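The values are calculated or read from the model by the stated rules, or taken from the named source; none is laboratory data. Only a predicted model underlies this, so the values are computations on that prediction, with no experimental measurement involved. Cβ: placed from backbone, ideal geometry, glycine included. Neighbour counts: every protein chain shown. Ligands, DNA and RNA are stripped out before the accessible areas are found, and what is left, the full protein with its side chains, is counted by its heavy atoms. Shrake-Rupley method; radii C 1.70, N 1.55, O 1.52, S 1.80 Å.
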Amino acid sequence: MKKLLISSVCLACFVFSVRASASAAGAPLYKNSKASPRERAADLLGRMTVEEKLGQLQQLDGFSEGGYREEHLKMAREGRLGSTLNVRFAGNVNKLQKEAVEHSRLGIPLLFAFDVIHGYRTIFPIPLAEAAQWKPELAEKSAAAAAAEAYAAGLKWTFAPMVDIARDPRWGRIAEGAGEDPYLGAAMAAARVRGFQGDDFAAPGKVMACVKHWAGYGAAEAGRDYNSTDISQTSLRNIYYPPFKAAAAAGAATVMSAFNDLNGVPSSANKSTIDGVLRGDWKFDGFVVSDYTSVQELLAHGLAEDGEDAALKALRAGVDMEMVSTLYRDKIPAALSGKKISLTTLDRSVRRVLEAKFRAGIFEDPYIDPKLETTALKTPRALELAEEAALKSLVLLKNEGGLLPLDPAVKKVAVIGVLAGSRADMLGSWFADGKPEDADTLLEGVRAMVSSGTIVVYSSGCPVNGGTDEDLEKAAAAASGADVIIVAAGESAEMSGEAASRAFLSLPGRQLELLERLKKTGKPVVVVLFNGRPLELGWLDANVPAILEAWYPGVRGGRAVARTIFGLENPGGKLPVTFPRTLGQVPLYYNHRSTGRPPSPSEKYTSRYIDSPTEPLYPFGYGLSYSSFALSGLSLSSGEITPDGAVKVSVDIANLSSRAGDEVVQLYIRDAAGSETRPVRELKGFKRVTLAPGEKKMLEFELGPAELGYYYSGGFAVEPGVFKIYVSTSSAGGLEAVLRVSAR
Ligand code: GLC
């Protein structure tokens with residue numbers, strides 16, 4: 001007790017001395033970097049007018065090329081602007097920042113934000129591809145590299161990571177997240193936050209993360225972007241929330257509220273998810289920014305009758321900063337005068353924004369060194385990392401007869417497909433300030449890999465969409481006489497990402513016809529897929545001996561794919577999302593419930609189709625290697641635990657081949673019976689391991705309440721009963737054990 005008394009007296013003295021030194025020096029407390037962000041924000045808040053407070057809650061859009069708008073200078077000078085989107089580069093940033101810092105009454109710096117989703121100038125594989133790495137530590141490095149480049153461009157805030165769980169491949173934004181699984185999604189979300197922010201996002205080279213889109217945006221009905229979502233509380237808590245919770249626990253500085261109507265309440269005015277879950281349950285202490293005009297869109301949703309209604313509903317719900325629309329600025333002053341909203345409500349949002357700015361260190365360090373733009377972008381290290389990221393994201397879907405890897409001394413290879421020669425498409429969607437000229441193409445990669453005596457012919461074949469008979473003829477002619485044909489197929493980059501939902505999952509245009517023509521040549525065909533979503537690949541799976549999923553692999557993707565095709569690298573990625581046989585199966589995901597009549601091909605009256613198998617073409621967690629591996633020796637440290645207990649799961653993995661390779665060992669559970677029905681499998685652990693030829697390793701996992709428990713109407717619990725434990729190399733099959741959880 002005595003110690004406690006002394007320390008609290010010391011603390012009081014410290015606080016008094018900080019305050020005293022500040023006032024003694026005449027500088028206001030908020031300018032004292034030794035005071036806490038909380039104290040500085042409180043002091044500053046007390047000095048602000050309503051107009052200045054609303055200025056902090058306003059983010060406006062610059063030009064896509066990076067410039068600011070003329071009116072931003074005046075608004076910054078008058079303290080009526082808190083942040084910009086898209087304004088970047090030292091010249092623009094420092095000029096606009098100077099107006100705010102040196103010419104406004106209180107000198108509050110601006111936050112400069114940009115969508116740095118998978119790289120700033122050095123573009124990494126799209127996030128769905130990074131999830132296919134099953135290596136969060138690698139994704140963390142990529143995010144850190146992206147942060148360093150974004151910082152060099154004058155940015156201090158990125159609108160990433162996007163962590164929306166997506167189970168519908170029609171939704172174009174499935175490309176931007178980590179796929180369908182909450183456990184993998186949570187690991188990737190936390191890794192990316194750590195990469196962007198580091199231990200202290202005030203540090204040079206670090207930026208504030210913004211976890212998006214809160215909440216449930218990926219469940220857009222029919223896969224149509226911006227569409228309504230209806231999600232049960234159980235599904236929200238067990239499926240859609242975990243990546244956000246992990247990101248918040250990793251210290252994410254901000255969260256972005258989503259566009260979608262969630263169970264009748266748009267996410268950008270949803271008090272129960274923002275103030276209830278995010279702040280109430282998880283104690284998130286950052287600030288929430290709306291999505292682009294999503295406050296204004298409350299009118300279109302039919303939630304708000306007019307601008308004031310929209311502003312009040314969003315602000316009351318806990319949306320602190322308004323992106324691009326200006327209803328807070330335009331409507332809140334009158335609402336305050338009319339006592340429709342309290343100053344307390346306004347102040348809590350302003351305080352959150354100010355605290356974030358103090359934590360970001362921009363009061364002390366508001367400007368960016370212009371030299372960084374020439375020294376910090378596309379460094380050799382960043383480019384090496386981009387190539388490693390691409391290599392680890394490749395998923396080998398089929399390799400009949402071991403066609404791959406190809407012999408670099410092959411006499412003649414035909415490379416076919418417009419995507420094989422495209423630099424721009426390698427960058428995928430949301431490529432920030434990435435430049436197509438930075439990207440390797442697959443064609444260049446192949447040319448660099450083959451022997452000097454190899455003949456490489458190229459034909460672009462048909463465009464991704466459309467194409468003529470002549471296109472097909474030319475491609476077939478180019479392929480004739482080749483010993484092997486490498487075809488780049490898939491979607492163009494703009495066919496996924498935001499506002500890019502598709503009503504079909506087929507290969508667009510005449511690509512399938514092209515493949516049928518090429519198959520008729522009788523030569524072995526290797527297909528490399530460039531795409532941002534699962535596609536219908538039934539014909540390919542039945543007719544093409546080798547299929548490599550490359551997603552959009554970034555600036556070093558062409559080189560990475562070629563190195564893998566010709567065997568310098570061994571693919572080891574795994575699908576983070578289910579590939580259905582047909583769109584008709586969607587939504588189709590591995591962690592589905594059992595139903596009372598689980599599908600059985602031999603039983604008519606079960607949950608099945610009369611015209612298609614029920615299983616996916618390629619399941620979640622699936623991927624092949626040039627090596628072959630075997631799991632054995634699954635054992636549990638105990639066969640029975642109490643609900644608050646834990647069990648160690650160990651298993652051996654052996655490389656049976658003569659070639660080093662990676663395998664991803666995956667741990668799944670099935671809670672056999674509960675107060676609510678549980679998924680037939682749930683991922684609860686994974687390790688990607690590299691094994692030398694013949695090497696065998698023992699891996700260990702731990703299952704405790706966090707893994708065995710789930711949310712249901714009664715809260716979160718580990719319920720007594722039988723749990724099936726599976727260890728596998730995909731979400732299907734594998735070794736099995738039984739764990740019993742006894743009542744206390
Ligand atoms: C967009 C996206 C969001 C992005 C924001 C700013 O509409 O929904 O992900 O960060 O606007 O560009």
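Pull up the DSSP beta bridges for the chain and report the antiparallel fraction as a percent, rounded to 5. Show your work: numbers first, answer last.
On the way: 48 of 89 bridges.
Within the chain, antiparallel bridges account for around 55 percent of the total.
So what is the relative contact order of the stretch 373-585, in percent, for Cα pairs below 8 Å that sit 6 or more residues apart?
Numbers: 447 pairs, mean separation 72.0, N = 213.
Averaging sequence separation for qualifying contacts and normalising by length gives 34 percent for the stretch 373-585.
Could you state the accessible area per residue of the stretch 629-741 in Å², with a 1.4 Å probe and every protein chain left in place? Don't skip to the answer; put the middle values down first.
Details: 4470 Å² over 113 residues.
The answer is 40 Å² per residue.
Please compute the length gained on full extension between residue 50 and residue 659, using 0.36 nm multiplied by the number of residues separating them and subtracting their Cα-Cα distance. All intermediate terms of the calculation are to be shown ahead of the outcome.
On the way: separation 609, 0.36 × 609 = 219.24 nm, distance 6.74 nm.
Stretched fully, the residue 50-residue 659 segment lengthens by 212.5 nm.
At 1.4 Å probe size, with the rest of the protein present, what percent of the exposed accessible area of the stretch 151-293 is carbon and sulfur atoms?
Numbers: 1780 of 3450 Å².
Roughly 52 percent, rounded to a whole number.
Tell me, in nm to one decimal, what length is gained between residue 94 and residue 612 on full extension, where the rule is 0.36 nm per residue of separation less the Cα-Cα distance?
On the way: separation 518, 0.36 × 518 = 186.48 nm, distance 5.99 nm.
Full extension of this stretch gives 180.5 nm more.
Label points 7 Å out from Cα along the Cβ direction at residue 285 and residue 435: separation in nm?
Using points 7 Å along Cα→Cβ, the separation is 4.3 nm.
What is the calculated FRET efficiency for residue 593 to residue 403, with r their C-beta to C-beta distance and R₀ = 35 Å, to the nearest 0.05?
On the way: r = 39 Å, r/R0 = 1.10.
My answer for the efficiency is 0.35.
Take residue 381 and residue 63, extend 7 Å from each Cα along the Cα→Cβ direction, and tell me the distance between the two endpoints in nm.
About 3.4 nm, to one decimal.
Quickly rank 648-654, 665-671 as a protection proxy: mean count of other C-beta atoms within 10 Å, highest first.
On the way: 648-654: 18.4, 665-671: 22.4.
Top to bottom by mean Cβ count within 10 Å: 665-671, 648-654.
Round to a whole number: what % of the accessible area of the stretch 373-585 belongs to carbon and sulfur, probe 1.4 Å?
Details: 3720 of 7180 Å².
Using a 1.4 Å probe with all protein chains present, the stretch 373-585 comes out at 52 percent carbon and sulfur.
Rounded to the nearest 20 debye, what is the charge dipole size of the stretch 331-471 about its Cα centre when +1 sits on each Lys and Arg Cβ and -1 on each Asp and Glu Cβ? Walk me through the intermediate numbers first.
Details: 18 positive and 20 negative charges, 212 e Å.
For this selection, approximately 1020 debye.
Once neighbouring chains are kept in place and the probe is 1.4 Å, which whole percent of the accessible area of the stretch 647-711 is contributed by carbon and sulfur?
Working: 1200 of 2390 Å².
The nonpolar share, carbon plus sulfur, comes to 50 percent.
Could you give the accessible area per residue of the stretch 221-262, probe 1.4 Å, as a whole number in Å²?
32
If we count every other residue with Cβ under 11 angstrom of residue 734's Cβ, Lys/Arg +1 and Asp/Glu -1, where does the sum land? Spell out each step's value before the answer.
Numbers: positive: 681, 724; negative: 736.
Summing Lys/Arg as +1 and Asp/Glu as -1 gives +1.
How charged is the neighbourhood of residue 37? Take every other residue with its Cβ under 9 Å from the Cβ of residue 37, and add Lys/Arg as +1 and Asp/Glu as -1. Could you put the intermediate results ahead of the total?
Values: positive: 38, 40, 357, 359; negative: 39, 355.
So the surrounding residues net to +2.
Highest first, please rank the peptides 524-533, 193-202, 447-456 by the mean number of other Cβ atoms sitting within 10 Å of their residues. Don't skip to the answer; put the middle values down first.
Values: 524-533: 25.6, 193-202: 20.9, 447-456: 14.2.
Averaged packing, sorted descending, gives the order 524-533, 193-202, 447-456.
Defining a contact as two alpha carbons under 8 Å apart and six or more residues distant in sequence, what relative contact order in percent does the chain show? All intermediate terms of the calculation are to be shown ahead of the outcome.
Details: 1850 pairs, mean separation 92.3, N = 744.
About 12 percent, as a whole number.
Can you give the FRET efficiency for residue 340 and residue 105, using 1/(1 + (r/R0)^6), R0 = 30 Å, r = Cβ-Cβ distance, to the nearest 0.05?
Working: r = 27 Å, r/R0 = 0.91.
Calculated transfer efficiency: 0.65.
Mind checking the per residue accessible area of the stretch 264-404 for me, 1.4 Å probe, whole number of Å²? Walk me through the intermediate numbers first.
On the way: 5390 Å² over 141 residues.
Here the per-residue accessible area is 38 Å².
Name the residue from 741, 651, 689 whose Cα lies farthest towards the positive end of the charge dipole of the stretch 629-741, charges +1 on Cβ of Lys and Arg and -1 on Cβ of Asp and Glu.
The listed residue farthest towards the positive side: 689.
For residue 605 and residue 374, calculate 0.36 nm times their separation in residues minus their Cα-Cα distance, and state this gained length in nm to one decimal. Let's see the in-between values first.
Details: separation 231, 0.36 × 231 = 83.16 nm, distance 6.65 nm.
Full extension of this stretch gives 76.5 nm more.
Can you pick out the pairs among 74/378; 206/687; 371/435; 156/271; 34/687; 398/684 whose Cα atoms lie more than 31 Å from each other?
74/378; 34/687
DSSP loop (so not H, G, I, E, B), at most 15 other Cβ within 10 Å: list which trypsin sites (Lys or Arg not before Pro) in the stretch 544-634 pass both filters.
Numbers: sites: 556, 559, 563, 574, 581, 593, 604, 608; in loops: 556, 574, 581, 604, 608.
Of the trypsin sites (Lys or Arg not before Pro), the ones in loops of the stretch 544-634 whose Cβ has at most 15 other Cβ atoms within 10 Å are 604.
Under Stokes-Einstein, with the Kirkwood radius over Cα pairs standing in for Rh, what whole-number D in µm²/s applies to the chain at 25 °C and 0.890 mPa s? Working shown, then result.
On the way: Rh = 27.4 Å.
Translational diffusion coefficient: 90 µm²/s.
What nm distance separates the two modelled labels at residue 696 and residue 648, each placed 7 Å from Cα along Cα→Cβ?
For residue 696 paired with residue 648, the spin-label model returns 1.9 nm.
Only four residue types carry charge here, +1 at the Cβ of Lys and Arg and -1 at the Cβ of Asp and Glu. Report the dipole size of the chain about the Cα centre in Debye, rounded to the nearest 20.
Numbers: 85 positive and 87 negative charges, 332 e Å.
For the chain, the charge dipole is close to 1600 debye.
Along the charge dipole of the chain, Cβ charges K/R +1 and D/E -1, which of 530, 711, 294 sits furthest on the positive end?
Comparing the listed Cα positions along the dipole, 711 ranks first.
If you take the charge dipole of the stretch 313-421 about its Cα centre, with +1 on Lys and Arg Cβ and -1 on Asp and Glu Cβ, which of 332, 419, 361 is farthest toward its positive end?
Looking along the dipole axis, the top candidate is 332.
Tell me, what ³J(HN,Hα) does each residue in the stretch 171-185 have, in order and in whole Hz, if you take phi through Karplus 6.51 cos²θ - 1.76 cosθ + 1.60 with θ = phi - 60° and put x for Gly and Pro?
Going residue by residue, I get 6, x, 7, 4, 5, 8, x, 10, x, 9, 10, x, 6, 5, x Hz, with x marking Gly and Pro.
Pairs of Cα atoms under 8 Å, at least six residues apart: use those to get the relative contact order of the stretch 146-249, whole percent.
Details: 190 pairs, mean separation 39.0, N = 104.
Computed value for the stretch 146-249: 38 percent relative contact order.
Taking the Cβ of residue 173 as the centre, find all other residues whose Cβ is under 9 Å away and add up their charges (Lys, Arg: +1; Asp, Glu: -1). Present the calculation step by step, with values, prior to reporting the outcome.
On the way: positive: none; negative: 164, 176, 225, 498.
With Lys, Arg at +1 and Asp, Glu at -1, the neighbours total -4.
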